[in-house]
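S.K.: Please read through the structure below; I'll follow up with questions.
The values are calculated or read from the model by the stated rules, or taken from the named source; none is laboratory data. Bear in mind the structure is a predicted one, so any value in this text is a computation, not a measurement. Methodologically, a virtual Cβ is constructed for each residue, glycine included, from the backbone with ideal geometry; neighbour enumeration extends over all protein chains shown.
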Amino acid sequence: MKIALDILSWVLLTAGGVFVLVGGIGALRMPNLYTRMHAASVTDTMGAILVIAGVMIQAGFTLVTIKLAAILLFLLITSPTASYALGNAAMLAGIKPDAGSAADPEKAP
Amino acid sequence: MTVLFGVLLLTLLVITAVAIVRTKNLFVAVMLLGIFSLLIAANFFLLDAADVALTEAAVGAGISTVLFLGALALTSEFEHAATPHRWLSLAVVTGAALVVLYATFDKPEFGDPNAPVHQHVAPWYLQKTPEYIDIPNVVTAVLGSYRGYDTLGEVFVVFTAGIGVLFLLSARRGPAGRRRPDQAHDPAIGLRSHVIPLVVSRLLAPFILLFGLYVQFHGEYGPGGGFQAGALIAAAFILYALIEGEERTLRVLPQGALNALMVGGALLYGGVGVVGMLEGAEFLNYSVLAANPVKGQQLGIILIEAGVGMTVTGVLLSIFHAFAARDRA
């Protein structure tokens, strides 16, 4: 039982780590701001959910698990709001969400 | 493992510091300063200094970022061109860095139990706290009681900073009111037209306040205390101000109330010390506050932590309002 829980927790943690890595690579490699935000959102959602679920299994039925659940809930509420605020601010600053365009002005060669 | 993580975090810290110095865009520099604070908070946590980590995360990464942004709104986004004495500054910085590096050779090994810091008063604090004060968090006992004078000094530094900012920033405010009248109903102030941040902030603000109060009154048992709680409570009000606009925030908690918090907290702290003197003990000796000396110590710590929290909340919010209310020069 203990080993099964450990394996499950490590699978979740590793999968979460992979999503965070993918999000990080995407945030660096994507061409413009909106696509980069899209890539980074993977870390907020799948990365956070999987990593916290893995840690919760490690913690077992303790107060720590409840605290972790509260943190997860908090993250799931705040990070989409932050993404909204960021996207909105970019829109107001005049950055066009043009999927076909090559790159941000500052990134253009 | 701890050492490995520590080296990684410190390396990232150096990279961030270099990036802060290199960037010409002050907005980017402010964001990097927030990352710098988060990294150093993680490092403090790695070294089991949870109280310091909480303070650094709340004040360094949270409040000071907002205050820097408030200051940036009043000035230019870009740094001025470099000053001509670059070689002189480089020489000074290199010299200072070499001296500091030379000093590190005499430092004890990481985690060395024979290091002077573990031999001086720390063992006494750890042994005697259950007997004299009887609270689980020794950090709060040290901060509130053994080193009460230092903490009083810190509170007065915060208080003085608040007074200084109020003097400097409210100097040119017109007698007619805080704002130009045409700005009062400007929809661009605050984000009230944006439903998502509005709903989420209204959902979260009570919980942030509750967590602030928890940190305030749980400081005897876990990481926390007046400084962290003050920063968290101020953060809840700043969130409210960012969304609902500054005017409505000042209606909830007017400047007069903030001044009262600022002065009242410092007075409460000093007053607890004076009461101790009137009861026949030394200044800031809490043992005489109750019939039982241990209960007296606990009561004293709760009271002075409340004073710290009040002053920090009042000062942080006053500074925020002072920046936000000022028209762009």
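S.K.: If residue B:155 meets every condition in (1) more than 14 Å from every other protein chain (Cβ to nearest Cβ); (2) modelled with pLDDT under 90 apart from one, which number is that one?
M.R.: Of (1) more than 14 Å from every other protein chain (Cβ to nearest Cβ); (2) modelled with pLDDT under 90, only one is false for residue B:155: (2).
S.K.: Given the residues B:261, B:239, B:268, which is the only one that is part of a helix (DSSP H, G or I), out of contact with any Gly (no Cβ under 9 Å at 6 or more places or on another chain) and crowded, with 16+ Cβ neighbours inside 10 Å? Walk me through it before giving the result.
M.R.: On the way: B:261 fails: out of contact with any Gly (no Cβ under 9 Å at 6 or more places or on another chain); B:268 fails: out of contact with any Gly (no Cβ under 9 Å at 6 or more places or on another chain).
Exactly one of B:261, B:239, B:268 is part of a helix (DSSP H, G or I), out of contact with any Gly (no Cβ under 9 Å at 6 or more places or on another chain) and crowded, with 16+ Cβ neighbours inside 10 Å, namely B:239.
S.K.: When you look at residue B:308, is it within 17 Å of residue B:155 (Cβ to Cβ), touching a Ser or Thr at 6+ places or on another chain (Cβ under 9 Å) and surrounded by fewer than 19 Cβ atoms within 10 Å (Cβ to Cβ), yes or no? Walk me through it before giving the result.
M.R.: Numbers: within 17 Å of residue B:155 (Cβ to Cβ): yes; touching a Ser or Thr at 6+ places or on another chain (Cβ under 9 Å): yes; surrounded by fewer than 19 Cβ atoms within 10 Å (Cβ to Cβ): no.
So residue B:308 does not fit the description; no.
S.K.: Looking at B:98, B:69, B:126, which one is out of contact with any Asp or Glu (no Cβ under 7 Å at 6 or more places or on another chain) and within 23 Å of residue B:238 (Cα to Cα)?
M.R.: Values: B:98 fails: within 23 Å of residue B:238 (Cα to Cα); B:126 fails: within 23 Å of residue B:238 (Cα to Cα).
That would be B:69, the only listed residue that is out of contact with any Asp or Glu (no Cβ under 7 Å at 6 or more places or on another chain) and within 23 Å of residue B:238 (Cα to Cα).
S.K.: With the structure loaded, tell me whether residue B:269 is more than 14 Å from chain A (Cβ to nearest Cβ), closer than 30 Å to residue A:83 by Cβ and in contact (Cβ under 8 Å) with a residue 24 or more places away in the chain or whether it fails that test.
M.R.: Working: more than 14 Å from chain A (Cβ to nearest Cβ): yes; closer than 30 Å to residue A:83 by Cβ: no; in contact (Cβ under 8 Å) with a residue 24 or more places away in the chain: yes.
Here the answer is no, as residue B:269 does not meet what is asked.
S.K.: Something else: Anything in region B:1-38 that is within 20 Å of the chain's Cα centre (by Cα) and exposed (fewer than 13 other Cβ atoms within 10 Å of the Cβ)? List them, or say none.
M.R.: none
S.K.: For region B:192-203, name all the residues that are surrounded by fewer than 17 Cβ atoms within 10 Å (Cβ to Cβ), within 8 Å of chain A (Cβ to nearest Cβ) and of a type in the set (A, V, I, L, M).
M.R.: Just the residues of region B:192-203 that are surrounded by fewer than 17 Cβ atoms within 10 Å (Cβ to Cβ), to begin with: B:192-196, B:198-199, B:202-203.
Remaining after also requiring within 8 Å of chain A (Cβ to nearest Cβ): B:194, B:196, B:203.
Across region B:192-203, the qualifying residues are B:196, B:203.
S.K.: Take the residues in region A:63-84 that are surrounded by fewer than 13 Cβ atoms within 10 Å (Cβ to Cβ) and farther than 14 Å from residue B:207 by Cβ; name whichever of them is nearest to the other protein chains (Cβ to nearest Cβ).
M.R.: If we take residues in region A:63-84 being surrounded by fewer than 13 Cβ atoms within 10 Å (Cβ to Cβ) and farther than 14 Å from residue B:207 by Cβ, then A:63 is nearest to the other protein chains (Cβ to nearest Cβ).
S.K.: With (1) surrounded by 15 or more Cβ atoms within 10 Å (Cβ to Cβ); (2) more than 14 Å from chain B (Cβ to nearest Cβ) as the list, and residue A:60 as the residue in question, which single condition is left unmet?
M.R.: Going through the list (1) surrounded by 15 or more Cβ atoms within 10 Å (Cβ to Cβ); (2) more than 14 Å from chain B (Cβ to nearest Cβ), residue A:60 breaks only (1).
S.K.: A further question follows. Which number in (1) more than 14 Å from chain B (Cβ to nearest Cβ); (2) surrounded by 14 or more Cβ atoms within 10 Å (Cβ to Cβ); (3) in a helix (DSSP H, G or I) marks the one condition that residue A:95 misses?
M.R.: (3)
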